Amino acid sequence: MPAGEAAPPLLGCTSCGLVSLDLGASLPHGMVQRCTRCGRSLRREKPMSLQRTWACLIAATLLYIPANVLPIMSTTSALQRNEHTLLGGIRELWIDGSWMLAIIVFVASIAVPVLKIAVLSLLAWSVRRAPRWRRLERARLYRLIETVGHWSMLDVYVVVLLAATVRFGSLASAGPEPGLLAFGAVVIFTVLATLSFDPRLIWQEPHGPAAA
């Protein structure tokens, strides 16, 4: 390529990784460029990325309240029935001496969802309000929440496992409650928010008056 000449725009396939020239303006109106190897649509950014990210984040934030207020599990014995909230269960684990399990449940059910909601909100806000601010650090934050997001369902697994194993015939049993459903919905919406956000937006140059 001659010195000083701009590099041609490229598009990377999110399915097979093949890099293709961005045909962009040369395509007829309404046509979508596709990967020549796997046929997946090639786009400069995910359509409606920020709108879908904000919608999922708002839903996750609203559901996080009942996930912590409503009981997530109930234990029934021959004499009584007890309901346990998320924070109450962590407290009981700590008091009973199961400190490691209490820490794991706290990190998975409290720290990780709050971290994901906060970081994704920051990323979605900064794309429009502070596009040039600490781009490398924001890209690393996105990779971080992608990694820790795989552990978001750990608390659900713990409760379901407990409900399935703590059974003593007709004398005692444990079962899930509505709070667990709300927490599972929080996890799903945070995962969808992570998938909806397009990290390429972090590196895009602002357009219009804000770019001046």
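With distances taken between every two different alpha-carbon atoms, the range 33-76 has a Kirkwood hydrodynamic radius of 14.1 Å.
Grab the Cα-Cα distance for ASN82 and ILE103, subtract it from 0.36 nm times how many residues apart they are, and report the gain in nm with one decimal.
Working: separation 21, 0.36 × 21 = 7.56 nm, distance 2.24 nm.
Net length gain for the segment: 5.3 nm.
Going by accessible surface with a 1.4 Å probe and the largest first, PHE106, PHE197, PHE189 read PHE106, PHE189, PHE197.
A crude spin-label estimate for the pair ARG91 and VAL114, with each label 7 Å from Cα along the Cβ direction, gives 1.6 nm. Within the assembled protein chains, the solvent-accessible surface assigned to LEU144 is about 80 Å², based on a 1.4 Å probe.
Ignoring ligands, DNA and RNA, what accessible area per residue does the range 52-106 give at 1.4 Å, in Å²? Please list the in-between numbers first.
Values: 3460 Å² over 55 residues.
That works out to 63 Å² per residue.
Out of every Cα-Cα pair that the range 43-130 contains, those further apart than 22 angstrom amount to 46 percent.
The values are calculated or read from the model by the stated rules, or taken from the named source; none is laboratory data. Small disclaimer: the values here were computed from a predicted structure and weren't measured. Note that we place each Cβ from the backbone using ideal geometry, even for glycine, and neighbour counts take in every protein chain shown. Note: areas computed on protein heavy atoms with side chains; ligands, DNA, RNA excluded. Shrake-Rupley method; radii C 1.70, N 1.55, O 1.52, S 1.80 Å.
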